[in-house]
Every structure is written in C-alpha cells, then in structure tokens.
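Just below is one structure, and these are the notes that go with it.
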C-alpha cells in the first residue's frame, strides 16, 4: 500500500485499498458476456497510479489560513494536494472515472478537521464572513456526488476528530455519538456491551453515523430494524443561524418532527454534531436463517409481500435476487450443473426464471424460530423450495465484499455501477421489467437486480449493471446511459432513491419529482438556515446556493 | 336531544351528547374524596342550557359573503349564531368552562364547508386577499385550544363534505381518504373488506383523519401499529403558495421527508386535503389478551421496558395503571374486598401499591400466541400475577366510555382533566412522582396515572386529575393549576405532548422547549408557506402570524 500513498489510484480504490482479484467465475462470466479475452481482463485500464498533483493552488490568503489554524489548530488544517484531492470526490461512478483520468477540476481549497461543536460554530461564521463554501464529509462513500466541492472552499472532515461515543444509555437503549464515528468502531463497542446498532449499509466499514443520517441511508437489516430515520431519536445540528438540539423523547406531538428535516439534508442545512440512536440487544446465536428458491421473480415478490402484510413477525434481512442475479450467484459459486442444480431443475426451478431468497431474523430465540417457521410455511405455499440456512449465512459473511469488485472490473475497462429505487408493490414488477429492458437495450450489458429492503407497502429495487466502457468517451457515455436509467425509474413510478440519497447526481430530477411548491419549501428552509448559502453548495438536492 | 339543539350545553357535551349518569362506584369515590353530598353531585353546575346568542355579528361584508357562496355554494356557508359558536372552541378544559359560562368571545365570522381541493385553493386566495384568518377543523375534539378562532375569520369545516374514501389499495395495503372522514366510518369500511386502520385515539368516534394527522395523534394500539406519523405514506396539502403532493413510496431517500413537516403542523402550514394511510389485516379472532397485577409501579414499568427491549414481538395495546388508577378501577368494578382481592393481598399484591396491566396482541394467530406466552413469562419473572384475558377485553369494549364521564363530573362542579407527556425510560419514575406530588399539592385532588403508549426507548405518561372547582374563579384557578402542571412536566424532562398536540394551550412553553433556533426555523417554514399569516393564527404552536 505504501507506494500507492499519494496516487490518484489510492484515492478511488474502495475501502482497505487492496485489490481482490476477480473470482474465476466472474472472469469467465464477463469474458463470455462481453466477448473479452484474458488479456482484456488483465489490462490496467485508466490505472492512474501517478502521484497527485493539482493544477489549482488553494485560493486562500495567508490571513484566512491563519484564522482557520487559530480555530482548529495548525495540525487540523491541510492544504496539500493529496488531502485536497482526497476530499474532492466521493464514489459516484462518474467521479471514479474522472479520478482514473487524473482530472480533479474543483478540489477544496482546504481540508479542516474540527475537534468539537464550538469549532464548527466558529468555522461556519468564518465561512460566512469569507464567502467560502463549506462541505461536511464523513467516510466520503457518497455515490451521488454528495461530497464534491464544485465551489472549492472548505472540506469539513468530521471523521478524524469528531468520532467519539459520548454515552451508551442501557436504560433507554440508546447510544449518543459524534458524527464522524465509523460503523465498525461503533458496532464493536456496542457488541462488547451486548448491543447492536442494527444499521449495516453496504458501505458500513467506511462510512460514518453522520453520513448515514445526512444521506438518509438504510442498512441490510433495515426490514427489521428500520432505516436510519427510524433509529435517530435526537440530534445536534450546527447551522449558520444557531444550534438546533432535539431531545431523546421516545415519541412526541410537539408540532412537527424537526429531526426529520435534518435526516436527509445532505449537509445543506447544517452540520450534524451529535446523534442519539436506538440500540438493540446483540444476540447473534439467536439469529435464524432461511434460504429459498422460487420458480420466478413474480411469485417470490408475492411471497415477500404476503410475509410483510400478514403480521407473522418481521425478518431483519429479507432479500430476493432476480433470475439473472440468481443465476450469476449460482454460476460463480459453482452450483450450475451440480447434482443439486439438476435436481432443482427437475422440480421445475429452471434457470433464468428461478430466484434466490435470503431471510434472517434476529431477537428472542422463540421469536426468531417462530418467524422462520412461518416464513417457511408461506414460502412453501408459493412453491418456494427451502435450501437451508447456510446460503444466507454465507452471504452475510461476505456481505461487504461485493463493493470490492468494482475496482478490478474498472481496471478491466468495464463500467460497473448500481442504482436503486423504492416503489409501491403494485408498480414493482412493471418497474423491474422497464428498467431491465432499458439497461439491456445497451449493447453488451449485464444486469442483476435484487430487492433488499422490504415494507408492508412496497420495497426497493437495486440494479447492478456491467458493460464495457466506450474507450475515450467513458464519461459522456456513462452520463447518457445513467440519465436514461433514472428517467426510466422516474417514469415508472419509482423514487429517485431509497437509500443512496440525491446529492448532485440526482438533483436534476428533483423539481419534476417533488413539484415546484415542495422545492420552494425546501429552498426556503435552506435560505433561512443558511442565508449566505455556504453549506454544500452547487445544486446538492437541487437547491440553489447564493455562493 | 332535540330540545338541546341550539344550547351552549349541546356544544360542549361530548360525542353523542347523551349524559351517562355517574356509576355508583364513581359517585361514592368522589363523595368520599371531596367530602361531597348526594345533593352536591346532583346539582347542575354551570349547566348552560340557554340558547346560543352571540353578541358579535359576523364581520363580513355582503360582498365577502357572496364571494364565499360563489366558491362553496350557498348551502355551505353559514353565519348563524349556533354554527359560529359550535366552531369557536374544541374540548380543552378551559374552553369547556367558558362554554359553560356561556361566554364565546371570538367566534368565527363564518363557517364554510368546502367540497373539494379546488374550493380550498380558492378559499385560501380569498382569505389572503381579504386578510381573514382561516382555521381548519375536523371533529373539533382538540384538547389544546387548536381550533379556536381568536381572530375570527373563517372556520373551515372539512368533516361535512370532504370525507370520502378515495381508494383502498389491496396490493399496497393502503387507503386514501379525504381529511374529514371520521374514525368509525373509515374503520367500518375497512373492516368489511378485511382491514383495519389500527388508529384508535380516545376521540376515535368523533375525530377525523385530518385531525389525527394535523395534531400528530396516537391510538390505543400505537405500541404495535405506531403513531399516526408512522402510518401516513402520502398527503396532499394546500398551502397559500401552492399544493404539495407527496408520493406513496414505502420509504425514500429523496432529501428530507416533507410528510413529516405537515404531520403535527396543526393547520398552521396548509390544509390537508388527502391522506394515504397504511392498512392492516383485520382479524379480531386472532387477538390475544392478557392482564396482570404487579406489586408496584416501578416493577410493572420495568417489565414493560424489558418487553419492549427484548425483541419478543410487540403488543398492540400495552397499558399499566398506577396504584391509584388501579385501586380506582378495582373499587368501581366492585373488586375491592372480594374473595379475589383478599387472595391477591395475601400474595403480596397490596392496595395502593399494586398495578394493573393490560396487553393485547394482534396479527397472525401463531404470532399473537407466542407474544402472549413470552409476555406471561416476562411478567412472571417480575412477579406479575396473571389474571386472564377478560379484564383487558372488558377494558377494550368500553374504551371510549371514559370520555363521557367528564360532563356529569363537571355538572357536579368537579374539575376533570387529562394531560400527557412522553419521556425516556430513565426519567419516567421521577417524572411520575414529581407530577403526582404537584397535582396532589392541591387541596382535594384525585390523581390517576397510566402508561398507554410504549416504545423501546421510553413511554408516555397520562395523568387524569379531579378536583372540586373553585366556584366563581373556575377559569383562573384552572389556568394556574394547569400551568404548574406543565411546568412540572417540562422541568422533569417530559415532552410537552405525546399525542394531544400543542395548540394554543401549550404554545407558551414552546420557545423554551425547542430553543430559539428551532422556533426560528418553524417560523420561517410558516412564513414561507403562509406569507400573509392567515392559517390558524393566534399563537398556535407558538408561531406568530401577521394577521
């Protein structure tokens, strides 16, 4: 790793920055689908292992820097090229492309690492006075262009010094943390005390509580534990016009819920400096797992809907892969043409139609066993074939690994991206078909879909798509393909996002999606709290900023 | 009823307007507690059966009335004394006192009954043009001075013509309604189709969906089904600056959740014209009920907390009465000194310490039975004595009756009021004690407390208090007592409301409770959506209105 330290490559590689070579099954599949050779796969496409050198010097005066250093301490104010480059982007596919092309157009002028709420108050006042943009970041895992710095200015990194656990309240079952704490640090601490946070987004290992809240995320166990908005009880938010502190009431009828104005505000309304979250008992031995094969996607989603609407208890992880994703998993795991595969086929679970479902339930032992039993019964009624708990357990073990596949695929010149939506049940199958049709209308594309967050009234759909890049025209090619994809989701009644957020990537659809009166209200909230428009400016959420 | 039609009395009597005589047990208790005679109880104190005559004529010109009639139709515009008086107040105790004193200081000038969203758009434009206050009302069951008309103007009654069920979506498990539909009409319609709304506030029989949403209410089964904010998927809200329509996504990460800005907005931000709610299967035969006696309130709440935090499944109704409320119920039901009572006492369930708990669970039969079993086990561990399902079932049967006791008690000159709060677990017992001490510091007071809405992280506390009125000084006496009560709740870390809302009654505490930055944000939202300040003006929620 050390030799990569200051390269562009070290910025865009995911997580621990170590490349996992593509599994043989994936290599074979990609070669076959896209007509590639071994050599194609082993190329180092847009490898970009040059040292970072920015063309743009920080647009800050000596005096401004001094003021920042006075607020945060010299060691917490950085203007070197590498740190500025590191804070110029998140992990949106278009951003990764630009980084691979070693193009960083609008880095922040400075990165600061505040140590407490009071420093943030001072930083906002400073930014207002100097008319500087200020963009809060945590793990920078945004896939929506949420942490870019199109106006330069200050990147406010909360992960370095504002990452403490302030209180675990075992009576109230709450934990109060600073925003910059990473998922595993929090979870490990809670596990040791017998609790879990219950929030496991794909980015869990490299994302922060502040980021989860700001982008309104969801974890893989959200069907049972809820989205992050269901977990937050209280917050501190520093805005340019003052600090808002909500209280840890279990519920309230004190006018409207202000927490809900800041959850999903993506750094546009204020800086989250403290969050109180629910915690739950950590009892992994009680977890009950079940896996099923269904004959087709329609029947699998029907069973899923019935499970959520029948009040038989709620699974925490609840997931179906569509036929292509199912077949891909089977193929990569060497299941295809095994004895079991042949047996399944004789039972009518045919490839390119059958679907894999994962279920796991947490809680009291009696509860998890009952829910599992009821799920098995319901699955059977819908011709779901029970294949034991281990496929689900295996999936859970490697749950964060798939994020690491993007880098070697991009090294091989393959566009690899994911997009997600939420949709009421009655629009789910038509939307799935329409988006699949759209994505497959591209020559040489490979599309996998799953449902991973389920509700009484609908579910999300998560699309993963691969396709060889158009060499030389990667950025524009992707832009156009992505635009058609979001158009298709939008036209078919899906939300712009279920848990990734909006950022700048989806901002262009917001006015049409929300309507002008709703956008006007959001803008008014923004203008009131951030009158100088310094907070995460440049069309985040589709909001205008005066800066 | 007919002879009461146009009296003050017919306005303030609850519900079906029929007086249920006080039960013998209640009479005996009240006599004993307050040293009253039979004659005291049979007096007709502030009986106010005079015909309503207002001193103030409607402050509307002929032209203004004509415009209103053009918008809504002649039959939907009313300026007679009775209708104006009817729409001048809700059911806050202080309002009931004033009505009993036949004092209606600020009636609306006119009551209108719009038929559709478009008429409401026109009404708001008219009110802005003419600088008239406009106050939306549904069932007028507000106990927080939420529907008063201190500035006169227009009372916008949504219950008459905007009360249709627009769609029951059996795929998505949702119902879409107009705001003025009453609880029983909705519930009956859903029950016939095999569904329930799951929202049963004390005011269920005479309150509307729009009111539930506007005041952020909770029903008696909220522990299982959630508060109204957990049930609303989509809304239409007509504001003076345009219509906001949210969508029925099961979840979303499209910036912050705008539904949550209107749930609890109490008519200050816009008129709710359409609501899409979750519905659940209606299977009363599956309901499992359990009732327990605990040795003391502390242990009963501990069991309740453990039940909510142990992930053993969730009861829908979950309730504990504190020792006085328990003893009151026992006494009224003739249980005291029965064989069973003596038996309980020998087991250590002593009066003035023991507490009654009600539990009922809905859903799949296997689920309800399991949860009941687990609750029984947990109760046993906390020395809870199981007394079968019938006390809970009996309570459920007469669940709406207690609201009818206020009228005969007030006829007997007894102040009868309820106040509620929500509190994290670690503050619950101290708050209960502090508020009890405060309420009992009044000479001749009788205080009953229960918990009726329970969460992983805390619960509500619901206080019912009785005390002879100070004759001649009823209004001021109550005001001072109520003020001290809210101060005590506030100082002991309770929310200003768990489900009644804020209205004007609790508005004076809002600035201190929320902080000035939060109040500033709420005011900015108000000023943006309602720039002329016509919507429910006069300090509702502590917001200023320009009108």
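The values are calculated or read from the model by the stated rules, or taken from the named source; none is laboratory data. Model, not experiment: these values are computed from the prediction. So basically every Cβ, Gly included, is an ideal-geometry build from the backbone, and we count neighbours across all protein chains shown.
Within the set of pairs 6 or more residues apart or between chains, which connect a residue that is over 22 Å from residue A:239 (Cβ atoms) and more than 7 Å from every other protein chain (Cβ to nearest Cβ) inside the stretch B:520-537 to a residue that is at pLDDT 95 or above and assigned to a helix (DSSP H, G or I) with Cβ atoms less than 6 Å apart?
B:532/B:128; B:534/B:127; B:534/B:128
Which one of these is more than 26 Å from residue B:151 (Cβ to Cβ) and free of Cβ contacts under 8 Å to residues at least 40 places away in the same chain: B:63, B:31, B:44, B:53?
Just one listed residue meets the conditions, B:31.
Restricting to the stretch A:441-469, give me the number of residues that are more than 16 Å from residue A:324 (Cα to Cα) and not in a strand (DSSP E or B).
Number satisfying all stated conditions: 6.
Being out of contact with any strand residue (DSSP E or B) (no Cβ under 7 Å at 6 or more places or on another chain), more than 14 Å from every other protein chain (Cβ to nearest Cβ), in a loop (DSSP other than H, G, I, E, B) and closer than 24 Å to residue A:405 by Cα: is that true of residue A:472 here?
Criteria met by residue A:472.
Given the stretch A:286-374, what helices (runs of 4 or more DSSP H) lie entirely inside it while holding 3 or more residues that are within 10 Å of another protein chain (Cβ to nearest Cβ)?
In the stretch A:286-374, the matching helices (runs of 4 or more DSSP H) lie at A:297-309.
Need the failing condition index for residue A:386 against (1) touching a helix residue (DSSP H, G or I) at 6+ places or on another chain (Cβ under 8 Å); (2) surrounded by fewer than 16 Cβ atoms within 10 Å (Cβ to Cβ); (3) outside the structural domain of residue A:322 (by TED's automatic domain parsing), just the number.
With respect to (1) touching a helix residue (DSSP H, G or I) at 6+ places or on another chain (Cβ under 8 Å); (2) surrounded by fewer than 16 Cβ atoms within 10 Å (Cβ to Cβ); (3) outside the structural domain of residue A:322 (by TED's automatic domain parsing), residue A:386 is out only on (3).
Does at least one position in the stretch B:457-464 carry a residue that is within 12 Å of chain A (Cβ to nearest Cβ), crowded, with 23+ Cβ neighbours inside 10 Å and within 14 Å of residue B:419 (Cβ to Cβ)?
yes
Say whether the condition of being closer than 29 Å to residue B:31 by Cα and assigned to a helix (DSSP H, G or I) is met by at least one residue in the stretch B:382-390.
No, because not a single residue in the stretch B:382-390 is closer than 29 Å to residue B:31 by Cα and assigned to a helix (DSSP H, G or I).
Looking at the stretch B:250-261, which of its residues are outside any loop (DSSP other than H, G, I, E, B) and at the interface with another protein chain (Cβ under 7 Å from one of its Cβ atoms)?
B:260, B:261
Can you tell me which condition residue A:544 does not meet? The list is (1) within 29 Å of residue A:455 (Cβ to Cβ); (2) within 25 Å of the chain's Cα centre (by Cα); (3) surrounded by fewer than 18 Cβ atoms within 10 Å (Cβ to Cβ), and all the others hold.
Going through the list (1) within 29 Å of residue A:455 (Cβ to Cβ); (2) within 25 Å of the chain's Cα centre (by Cα); (3) surrounded by fewer than 18 Cβ atoms within 10 Å (Cβ to Cβ), residue A:544 breaks only (1).
Under the condition of being under 25 Å from the mean Cα position of the chain (by Cα) and outside any strand (DSSP E or B), which residue from the stretch B:275-285 is surrounded by the most Cβ atoms within 10 Å (Cβ to Cβ)?
Filtering the stretch B:275-285 for residues that are under 25 Å from the mean Cα position of the chain (by Cα) and outside any strand (DSSP E or B), the one surrounded by the most Cβ atoms within 10 Å (Cβ to Cβ) comes out as B:279.
Every residue in the stretch B:490-519 that is facing chain A (nearest Cβ under 8 Å) and free of Cβ contacts under 8 Å to residues at least 60 places away in the same chain, please.
Passing the criteria: B:510, B:513, B:514, B:515, B:516, B:517, B:518.
I'd like to check which strands (runs of 3 or more DSSP E) are fully inside the stretch A:150-249 and have at least 1 residues that are modelled with pLDDT of 95 or more and more than 12 Å from chain B (Cβ to nearest Cβ).
A:154-157, A:165-169, A:174-177
Those residues that are within 14 Å of chain A (Cβ to nearest Cβ) and either closer than 27 Å to residue B:396 by Cβ or out of contact with any helix residue (DSSP H, G or I) (no Cβ under 8 Å at 6 or more places or on another chain) (or both), I need them from the stretch B:430-456; list them, please.
Scanning the stretch B:430-456 gives B:430, B:451, B:452, B:453, B:454, B:455, B:456.
For residue A:147, work out the one condition from (1) surrounded by fewer than 24 Cβ atoms within 10 Å (Cβ to Cβ); (2) assigned to a loop (DSSP other than H, G, I, E, B) it doesn't fulfil.
Of the numbered conditions (1) surrounded by fewer than 24 Cβ atoms within 10 Å (Cβ to Cβ); (2) assigned to a loop (DSSP other than H, G, I, E, B), the odd one out for residue A:147 is (1).
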